[in-house]
Amino acid sequence: MEVEIELGEFDTGLYSGYEFNQSEGRAWLTIHVDEVGNKTIEFEGVRYHQFTELYACSFEMVDAYFKLVNLGQTQQLVNYLKIIESRCDSARDVTHFRIFLDESGCFDIYASSASSA
């Protein structure tokens, strides 16, 4: 697990929610932090995303606490690619990103890149 994006230091008690939007292979996750401002992560080449609510998250998911991590070629991603590659050969550059937002849950996103917006 490699940290891709640090959100910067802030009192996690100031976290007040998120917005997730997706359009035409791109996605934006905006994290609302009171007194600090919004922090937005932009994803390119999005193939899949899943949100797991807080009470269904595993301990492994919590390792991505308020940071975007690159999990690389996870077994879940490999299984997904087996299905999609027979139909689309442009999915080879996809990686598995994860972020856990306390009081909300965990996002898993298969995309080709992620950056701070």
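The values are calculated or read from the model by the stated rules, or taken from the named source; none is laboratory data. As the structure is a prediction and not an experimental result, all values here were calculated from the model. All Cβ positions, even for glycine, are placed from backbone atoms using ideal geometry, and neighbour counts span all protein chains on display.
Tell me, which residue of the stretch 1-30 that is hydrophobic (A, V, I, L, M, F, W, C) and within 17 Å of Ala111 (Cβ to Cβ) is surrounded by the fewest Cβ atoms within 10 Å (Cβ to Cβ)? Steps first, answer last, please.
To start, the set of residues in the stretch 1-30 that are hydrophobic (A, V, I, L, M, F, W, C) comprises 1, 3, 5, 7, 10, 14, 20, 27-29.
Narrowing further to those that are within 17 Å of Ala111 (Cβ to Cβ): 1, 3, 5, 20, 27-29.
Details: Met1: 14, Val3: 10, Ile5: 16, Phe20: 15, Ala27: 20, Trp28: 14, Leu29: 23.
This residue is Val3.
Quick one: would you say Val46 is farther than 16 Å from Thr12 by Cβ, in contact with a strand residue (DSSP E or B) (Cβ under 8 Å, 6 or more places away or on another chain), touching a residue at least 60 places away in the same chain (Cβ under 8 Å) and not in a strand (DSSP E or B)? Criteria met by Val46.
Every residue, every condition in (1) touching a Gly at 6+ places or on another chain (Cβ under 7 Å); (2) part of a loop (DSSP other than H, G, I, E, B); (3) not hydroxyl-bearing (Ser, Thr, Tyr), yes or no:
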| position | (1), (2), (3) |
| --- | --- |
| Val3 | no, no, yes |
| Ser16 | no, no, no |
| His32 | yes, no, yes |
| Asn79 | no, no, yes |
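Quick check on the stretch 22-29. Is at least one of its residues of a type outside the set (Gly, Ala, Ser), assigned to a strand (DSSP E or B), closer than 15 Å to Ile5 by Cα and out of contact with any Leu (no Cβ under 6 Å at 6 or more places or on another chain)? Within the stretch 22-29 (the criterion being of a type outside the set (Gly, Ala, Ser), assigned to a strand (DSSP E or B), closer than 15 Å to Ile5 by Cα and out of contact with any Leu (no Cβ under 6 Å at 6 or more places or on another chain)), the answer is yes, since at least one residue qualifies.
Only a single criterion out of (1) within 18 Å of Asn70 (Cα to Cα); (2) part of a loop (DSSP other than H, G, I, E, B) is not satisfied by Thr52, namely (2).
You will find that of Gln50, Gln75, the residue that is more than 26 Å from Glu19 (Cα to Cα) and either modelled with pLDDT of 90 or more or over 10 Å from the mean Cα position of the chain (by Cα) (or both) is Gln75 and no other.
If I filter the stretch 59-117 down to residues being touching a residue at least 24 places away in the same chain (Cβ under 8 Å), within 28 Å of Thr12 (Cα to Cα) and among the acidic types (Asp, Glu), which single residue comes out as surrounded by the most Cβ atoms within 10 Å (Cβ to Cβ)?
Residue satisfying both the conditions and the ranking: Asp108.
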